[in-house]
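Asks: Pasting a structure below so you can have a look.
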Amino acid sequence: MSPEPRQISTVTSCINIITEDVSKIPFHMEQMTETNGWVPVPLVSPIGNIVRYPNSRHTMKEIFRMCIDDLIMNGNAYIVIIRDDSGMPSEFIYVSYNSVSVYENEEGDLIYNATHKMFKNKTTSDSKETGFTRNIHFEDMIHLKKNVINGEITGRGLIYTASEVFGLALAAQETAARTFNNGAAMPGFIKTDEPVDDETATLIKSRFMESQGGVNRSGAPAVMSGTTFVKTGMSPAELQLENARNQQTIEIARMLRVPLYKLAVPSSSETATLEEQEISYIHNTLNFYTTLIEEEFNRKIFLRSDMEKYRFHFDFTSIAIPDFQKRISAWAMAHTNGFVTSGYVAARENFPIPSDDNGGNQYVVPVNQAVISGDDSVPLGLSNHDGDKTPVHDTPMKQAEEVQ
């Protein structure tokens with residue numbers, strides 16, 4: 001029988017860390033604009049609203065948590081796209097991995113046989129189909145795959161790729177549990193100086209267990225005449241249970257690419273700052289899942305001609321630069337050097353967006369924050385230069401007051 005990875009605390013912790021971290025990254029549908037680049041589509045628009053509330057039962061964050069869990073544990077995750085009459089998405093419905101089967105038809109297209117009660121009164125790929133089970137065309141299915149081997153049409157989960165690692169971790173965990181439940185009563189047998197009958201043997205055993213068995217009695221002295229305890233097992237220290245369990249924790253964290261500091265396990269990377277470790281975690285772990293989701297959404301929702309105008313995108317700004325002061329300083333530097341407009345910064349930080357009359361969609365120059373318009377009449381606080389090229393102020397300099 002295959003081991004169940006969720007029984008291992010490290011596996012459960014790693015899965016919770018990854019699913020929660022991915023789901024808390026803001027996910028937007030964005031539109032390319034001439035002045036502000038990629039900007040989120042307003043939530044009041046139909047497509048902007050379903051990105052946040054994809055159906056009547058789940059939020060998009062909940063869907064991503066369930067999908068990442070399915071993807072890690074089972075290698076596949078599924079989201080069915082429900083479209084309106086114009087072909088645009090009207091709902092996204094999460095379907096559990098064990099409710100979907102995939103096959104390849106004669107034309108080489110993938111067909112997904114999916115079952116979900118939320119399909120009732122919904123139109124899917126085949127408008128004639130009714131009921132809870134539907135045949136979904138590949139264009140209407142967000143299929144996230146991991147650990148795909150030899151071009152297979154489905155992925156593989158943890159249990160298929162690293163069963164021995166989980167088996168060792170479970171064995172160490174169960175051994176530790178049995179050892180501590182038994183208290184000081186190590187595996188062995190009681191040797192008597194003379195032969196005894198069954199009744200006497202039972203009495204000797206019960207007295208020994210009364211004084212030594214269980215965690216609450218661990219360490220209590222036992223006085224028994226005419227007997228000798230012969231140990232056949234090893235103590236927790238002799239078994240090196242702690243070292244074995246720590247090593248399995250490191251192996252599982254390495255396999256799932258979760259940094260040890262998130263599991264409160266000391267490591268050599270502690271010389272790096274927390275911010276550096278977070279950035280490494282984003283690039284080496286989270287980016288795989290977010291890119292996978294972005295690519296599937298973009299190629300299943302938009303036509304190729306529209307991909308330069310629209311995209312689904314995870315915004316790592318609040319994750320990569322969590323400190324508000326550092327984030328605002330970065331925005332100020334970008335704005336001062338003419339990289340972004342004040343309207344773009346306000347939208348990203350949920351500030352009131354300045355109007356176009358107030359320069360909300362205009363870039364500025366670093367000299368004195370004047371609007372880039374090519375207008376030579378922009379006042380710079382200096383008059384025209386005289387003959388010796390020395391600038392002359394428009395107003396006389398204010399003299400410092402004389403110290404009395």
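Asks: If amide hydrogens are placed 1.01 Å from N in the peptide plane, which non-local residues have theirs closer than 5 Å to the one on Val365?
Replies: Here the answer is Ala370, Ile372, since their amide H atoms fall under 5 Å of that of Val365.
Asks: While we're looking at this one, here's another question. Can you tell me how much longer the chain between Lys145 and Thr200 gets when fully stretched, taken as 0.36 nm per residue apart minus their C-alpha distance, in nm with one decimal?
Replies: Result for the pair: 13.5 nm of gain on full extension.
Asks: Now a separate question. From the phi of every residue in region 41-55, what ³J(HN,Hα) in whole Hz does the Karplus formula 6.51 cos²θ - 1.76 cosθ + 1.60 yield, where θ is phi - 60° and glycine or proline is x?
Replies: 6, x, 5, 6, 6, x, 5, x, 6, 6, 5, 8, 10, x, 7
Asks: Here's a follow-up. Counting other Cβ atoms within 10 Å of each Cβ, which trypsin sites (Lys or Arg not before Pro) in region 110-162 have at most 10 and sit in a DSSP loop? Before the final figure, lay out the partial values.
Replies: Details: sites: Lys117, Lys120, Lys122, Lys128, Arg134, Lys145, Lys146, Arg156; in loops: Lys120, Lys122, Lys128, Lys146, Arg156.
Loop-located and lightly packed - Lys120, Lys128.
Asks: Which whole-number value in Å³ per residue fits the convex hull of the alpha carbons of region 23-124?
Replies: It comes to 157 Å³ per residue, whole-number rounded.
Asks: Another question, if that's okay. If you add up the charges near Phe119, with Lys and Arg at +1 and Asp and Glu at -1, over every other residue whose beta carbon is less than 15 angstrom from its beta carbon, what do you get?
Replies: +3
Asks: Mark the label point 7 Å from the Cα of Asn287 along Cα→Cβ and return the residues of region 308-349 whose backbone N is within less than 18 Å of it.
Replies: 313-322
Any read-out appearing in this document is the output of simple, stated calculations on the displayed coordinates, not a laboratory observation. In this text the structure is predicted, and so the values were computed from the model without any measurement. Every residue, glycine as well, gets a Cβ built from its backbone with ideal geometry; the counts of neighbours run over all protein chains shown.
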